[in-house]
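Q: Dumping the structure here so I can ask a few things about it.
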2 protein chains.
Amino acid sequence: MESVLAITRALADESRVRALLVLDGRELCVCQLIEFLELAPSTVSKHMTILRQARLIDGRKKGRWMNYRLAGEHASPAVKEAIAWLRRSLTNDPVARRDATRMAKILKTGREVLCGRQNARRKPCPIGSTAAGTP
Amino acid sequence: MESVLAITRALADESRVRALLVLDGRELCVCQLIEFLELAPSTVSKHMTILRQARLIDGRKKGRWMNYRLAGEHASPAVKEAIAWLRRSLTNDPVARRDATRMAKILKTGREVLCGRQNARRKPCPIGSTAAGTP
DNA sequence: CCTCCATTTCGTTATATGGCGAAATATAGC
DNA sequence: GCTATATTTCGCCATATAACGAAATGGAGG
């Protein structure tokens, strides 16, 4: 019961739902999620922690950068089905569509703008290997 | 997006999840749910309101008694799939199993004990037509 | 070692939420 | 009309939660 409640509670916040949807099919770094959600870094970090504790996402550190992606094939059936449910239920949602467009732009703007947004004069995120713009 | 969040938020509480599970395949009256959840009548009423607003359940009044059941075939795909997800994810859950056993007993004890529990010297709930002990 | 940078953790604050009891409302029977 | 009863609504309270900024931590490079 607790694992199911961890999932439902993790999904009970709009920012976390939106984050999960843009994580579909790609790995993103915290800095990209911060840009996307337009929240403070500490807030995004906490949201990611909640999603991770519910096992909805996996995180891996690459140098200074922390990447997150949706739970993969090793995930429990409950997790997999919850993610599938979210995806199906919000496929035609206007917010989700607008988010997808925004995220595409964020991935394009990439390095210079991205980290610079959060702290002036910051060194850009390096390009990662999994997705364009992901460190 | 709001309807999906209404669903996820409704599922983010253990009592509401447990109520949904015992509503599977049966219609129950508030008094039975009060007995089952061991919460105050006002609390159960509020939980049911949340579930109803998320369209996860339907309610209908029968005289003084209010019956609730899971959303039926008219429900949205998101609602249907969320309920199915819950059912599948908690099929073997010990809490859910214990709850099912308890609810079977509550249905058996029926009228005399049920309403009497909540207010001494109360008239028993009349027997309903949909399930044993449901008004 | 240092400085710089990304992220997490911590503490605070405003708001939301789950619980209760009391009051209000709705229904039944006389 | 009345009384009795089931349920909902309201108000209150304790706790949880989402947001923020500051501090702490972890990693990179010199």
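A short reminder: the numbers here are calculations on the coordinates, not readings from a lab. Quantities reported herein were computed from a predicted structural model and do not represent experimental measurements. Cβ coordinates were reconstructed from backbone atoms using ideal geometry, including for glycine residues, and neighbour counts include every protein chain displayed.
Q: Please report Rg over Rh for region A:1-77, where both radii come from the alpha carbon positions and Rh follows the Kirkwood definition.
A: When Rh is taken as the Kirkwood radius, the ratio is 0.94.
Q: Taking the alpha-carbon centroid of each part, what is the distance from region A:57-114 to region B:1-76 in angstrom?
A: About 32 Å separates the Cα centre of region A:57-114 from the one of region B:1-76.
Q: With labels modelled as points extended 7 Å from the Cα through the Cβ direction, what inter-label distance (nm, one decimal) is found for A:Thr49 paired with B:Lys62?
A: Inter-label distance under the simple model: 4.9 nm.
Q: Count, for each residue of A:76-87, the Cβ atoms from other chains sitting within 10 Å of its Cβ, then give me the mean as a whole number.
A: 3
Q: How much length is gained if the chain between A:Met1 and A:Val95 is pulled fully straight, taking 0.36 nm per residue apart and subtracting their Cα-Cα distance, in nm to one decimal?
A: The span from A:Met1 to A:Val95 would gain 30.8 nm if fully extended.
Q: Over region B:2-118, calculate the relative contact order: mean separation of alpha carbon pairs under 8 Å at least 6 apart, over the residue count, as a percent.
A: 31
Q: In nm, what does the list of distances from B:Arg102 to its counterparts in the other copies look like, shortest first, when each label sits 7 Å along Cα to Cβ?
A: Those separations, rounded to one decimal, come out as 4.2 nm.
Q: Label-to-label distances across copies for A:Gly59, with labels 7 Å out along Cα→Cβ, in nm, shortest first?
A: 4.0
Q: For B:14-26, what's the mean count of beta carbons from other chains sitting within 10 Å of each residue's beta carbon?
A: Across the residues of B:14-26, the mean count of other-chain Cβ atoms within 10 Å is 1.
Q: For peptide B:96-107, how many partner chain Cβ atoms fall within 10 Å of a residue's Cβ, on average?
A: Rounded to a whole number, the mean comes out at 0.
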